[in-house]
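Enquirer: Would you mind keeping the following structure in view while I ask a few things?
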Amino acid sequence: LASIALPAYGNYVTRGKIPDATSNLASKRVLMEQFFQDNHTYVAAPACNTDTSSSKYFTFSCVIAPGVAPTVAAPNVYTIAAVGNNPGTMAGFTYTIDQSNTTTSTIASPAKAN
């Protein structure tokens, strides 16, 4: 029984930590859009600062880049990433969101993709 229950519980605990990343990404995206409404740029948006304190399991970082024509002059493209930082549990998990609300998730070693 333990050979089935312990791995299942481990997967349950891991899945329970994922909303920590996705909800923080959604909150940071809202803050980015509010900043853009006020400043017409994403540059210097506080939500784009590296954040190691919002989550026990993820580190958040952001990249801002120039967009495509016709608004190339102003940096209008960003990607916020949540990278798993807890060795043994969330390491290897990466979630991203960008200005168009496109989300991605990546699972790499040493994460367990069960």
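The values are calculated or read from the model by the stated rules, or taken from the named source; none is laboratory data. Keep in mind it's a predicted model, so treat the numbers as computed, not measured. Neighbour counts are summed over all protein chains in view; Cβ atoms, including those assigned to glycine, are modelled from backbone coordinates with ideal geometry. Heads up: the accessible areas ignore ligands, DNA and RNA and are worked out on the full protein's heavy atoms, side chains in. Shrake-Rupley method; radii C 1.70, N 1.55, O 1.52, S 1.80 Å.
Enquirer: Scan the range 82-99 residue by residue and report those that are in contact (Cβ under 8 Å) with a residue 60 or more places away in the chain, under 13 Å from Cys48 (Cα atoms) and not in a loop (DSSP other than H, G, I, E, B).
Expert: Residues satisfying the conditions are Ala82, Thr96, Ile97.
Enquirer: Select from the range 37-61 the residues that are out of contact with any Phe, Trp or Tyr (no Cβ under 6 Å at 6 or more places or on another chain) and farther than 28 Å from Thr14 by Cα and write down the one among them that is least open to solvent (accessible area, probe 1.4 Å).
Expert: Applying the filter and picking the extreme gives Thr41.
Enquirer: Hey, another quick one. Only one residue in Thr106, Thr71, Thr79 is in contact with a Cys (Cβ under 8 Å, 6 or more places away or on another chain) and either in a loop (DSSP other than H, G, I, E, B) or at pLDDT 90 or above (or both), so which one is that?
Expert: Thr79
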